[in-house]
1. Would you be able to say whether some residue in segment A:419-441 is at pLDDT 85 or above, within 33 Å of the chain's Cα centre (by Cα), closer than 27 Å to A:Arg475 by Cβ and outside any loop (DSSP other than H, G, I, E, B)?
2. Criterion first (at pLDDT below 95, surrounded by fewer than 21 Cβ atoms within 10 Å (Cβ to Cβ) and closer than 18 Å to A:His298 by Cα) does A:Gly91 satisfy it?
3. (1) in contact with a Phe, Trp or Tyr (Cβ under 9 Å, 6 or more places away or on another chain); (2) within 11 Å of another protein chain (Cβ to nearest Cβ); (3) among the acidic types (Asp, Glu): which one isn't true of A:Asp283, the others all being true?
4. For segment A:250-261, which residues satisfy the criterion of being more than 26 Å from A:Ala195 (Cβ to Cβ) and either within 39 Å of the chain's Cα centre (by Cα) or of a type outside the set (Gly, Ala, Ser) (or both)?
5. Can you name every residue in segment A:205-221 that is part of a loop (DSSP other than H, G, I, E, B) and either at pLDDT 95 or above or buried (at least 16 other Cβ atoms within 10 Å of the Cβ) (or both)?
6. Go through segment A:61-108 and give me each residue that's acidic (Asp, Glu) and more than 18 Å from A:Tyr316 (Cβ to Cβ).
7. Does segment A:255-262 include one or more residues that are touching a Leu at 6+ places or on another chain (Cβ under 9 Å), in contact (Cβ under 8 Å) with a residue 12 or more places away in the chain and not in a strand (DSSP E or B)?
8. Identify all residues within segment A:550-575 that are within 21 Å of A:Ala446 (Cβ to Cβ) and out of contact with any helix residue (DSSP H, G or I) (no Cβ under 9 Å at 6 or more places or on another chain); write none if there are none.
Amino acid sequence: FLTFEGDLKWDHMDLTYRVMNYSPDLDRAVIDDAFKRAFKVWSDVTPLTFTQIYSGEADIMIMFGSREHGDGYPFDGKDGLLAHAFPPGQGIQGDAHFDDDEFWTLGNGLVVKTRHGNANGADCHFPFIFEGHSYSQCTTEGRTDGLPWCATTASYDRDKKYGFCPSELLYTNGGNSNGSPCVFPFIFDGISYDACTTDGRSDGYRWCATTTNFDQDKKYGFCPNRDTAVIGGNSQGDPCVFPFTFLGQTYSACTSQGRQDGKLWCATTSNYDTDKKWGFCPDRGYSIFLVAAHEFGHSLGLDHSSVREALMYPMYSYVQDFQLDPDDIQGIQYLYGRGSGPEPTAPAPVTTKEPQPLPTEAGSTSTTEEDEDETSEPTIVPIPVDPSQDACAEKNFDAITEINGDLYFFKDGKYWTRSSFWTSDIQGAFTVADTWPGLPAVIDAAFQDVLTKRVFFFAGRLFWVFSGKSMLGPRRIEKLGIGKEAGRISGALQRGRGKVLLFSGESYWRLDVKIQRVDKGYPRATDDVFTGVPLDARNVFLYQDNYHFCRGSFYWRMTPRYQVDRVGYVKYDILQCP
Amino acid sequence: PLQSKPQAVVTFPGELLSTLSDRELAESYLQRFGYTTEMEVRTGSRHVSLAEALRKMQKQLGLEVTGKLDASTLEAMRAPRCGVPDVGT
């Protein structure tokens, strides 16, 4: 293995990455998943962790681009150079760029992930049988709205399983229209367009307006590639048009006629002889997972290896069941070790206060008059801290919630509080059993009903309701109308008007607190509404009117308008540890 | 008899014309990926510096080290790959 001159490496283990834009070749979720798995290749053998963020500057910024894309190292059209990355460091260092003139797949040809329909986002199955005919691409047959669809099993006639294919009539990527579909025709620069266009752009990405008039409304999105989109050529992304005429002959499929390299191509208008518009037909493409894993090796400090089987060998080759080569493992562990993790640093002295009065008296508050008096400056006396009592030493929490204006952090039968209205230091640790007798040591979630001040606690499939110290429960969450699919409740968001959202796995229910029953029409998929937050959050809670989703040491903050506007550290931002 | 008409070969618009000779392809590849520098190409005797650079590349990429622009070396040069140079910063 080789490292870069001077053993360039990151000076911290918990790295962040951000995907700046997406190739139209693959569904966004497929690309995100491929990058996540590509990072996992390296985190599996080192103490490194990788967390995706959606705004601001990440350690590793990832982008797709073609030809000259801003860094002075231009790509070269289809094939040839596939991607490149920069060694660790600030700014562009550590970043990874992918050539969007390539056809990005998972290495085995076109990946058409469906949306909607009844196949839960499964990929198209080609060929599939519909009304006795075989289809090897998406079709609008059987529909009047022109939306391309496909079966997700070998026979739609038998299984009736289907989904809609990528199409600008269904959605757009990026831009400023939250995924709205194209509106045709639309006006741009005074001209009417009835299809996606690259006009007005120098990067070759196809776009459309999502209202009838871009000149007026400035609303737009990028068009996903259809399954018949061509690669490269001079009309990248446009679909093949069959039949087309070439040298006077008619072709109703891709052909290698006219080429010496045997590559298949098609025309993107009905007549190549007059229009000269063409592109390559989809082939196996390049695995975005394999290429990303290689480039992320560079981003971490590895240079090219001369071991042909190594991931860091410079030439691309598709591997079905990928395994890191010992050469790669030796290289990355030479830089970062094998999972021993960074040494803990001694905590700074923290002042702690006496325990508070009971927090759940109806109408009570967590601060009493005399408390306020005690806000005189604490004298910092270095007090040896018992790590088992120090909230800042905890890696994560069983549950986090706001009760009477204070944030409560629960862990293994202990809890800490911190006022969420003014900066105050952490109070505690207190014993859960002292405050809520009868509650188990480990809970999964808690919330306070805003109207009655009662506090609900969840552990596994059981829940308790406390009014002050008086407890009702445990009862099974079936009583709330929550089905068996919910193994544990990971968090709750109070929504006003007596409604609370309860999260479990990738779904959430809306609880009517008054009748203690979930509303009809639930559960719903979390990422339908809360897009961009981790679906495996350990804690979900409302804090300062924003929704917080925690995973590991990070939290994702979402505004009431469902915009993730911040990703940060629970320890430093929410606990406000030194 | 199956190919009654001679194959027409078309230059497709917008396609990077690969009119590079094998030697020009080799020189650009070796320079781009750090096996030789532009200066070496210009000042050294072209024949010697190319063979030396080819040997370096063949060794680095696990090819048979011949110092010659043979078929497997040309094939390697045309293979899809990462854009980070193999040698140097």
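1. No.
2. yes
3. (2)
4. A:Gln257, A:Arg259, A:Gln260, A:Asp261, listed by residue number.
5. A:Tyr205, A:Arg206, A:Thr210, A:Thr211, A:Thr212, A:Lys219
6. Of everything in segment A:61-108, those that are acidic (Asp, Glu) and more than 18 Å from A:Tyr316 (Cβ to Cβ) turn out to be A:Glu68, A:Asp71, A:Asp95.
7. So the first thing to find is which residues in segment A:255-262 are touching a Leu at 6+ places or on another chain (Cβ under 9 Å), and the list is A:255-258.
Next, only the ones that are in contact (Cβ under 8 Å) with a residue 12 or more places away in the chain stay: A:258.
If we keep only those that are not in a strand (DSSP E or B) too, we end up with A:258.
The answer is yes; a qualifying residue exists.
8. Result: A:Arg551, A:Trp556, A:Met558, A:Val570, A:Asp573, A:Ile574.
The values are calculated or read from the model by the stated rules, or taken from the named source; none is laboratory data. What you see is a predicted model, and the numbers here were worked out from it, not measured in a lab. Cβ atoms come from the backbone with ideal geometry, glycine included; neighbour counts cover every protein chain shown.
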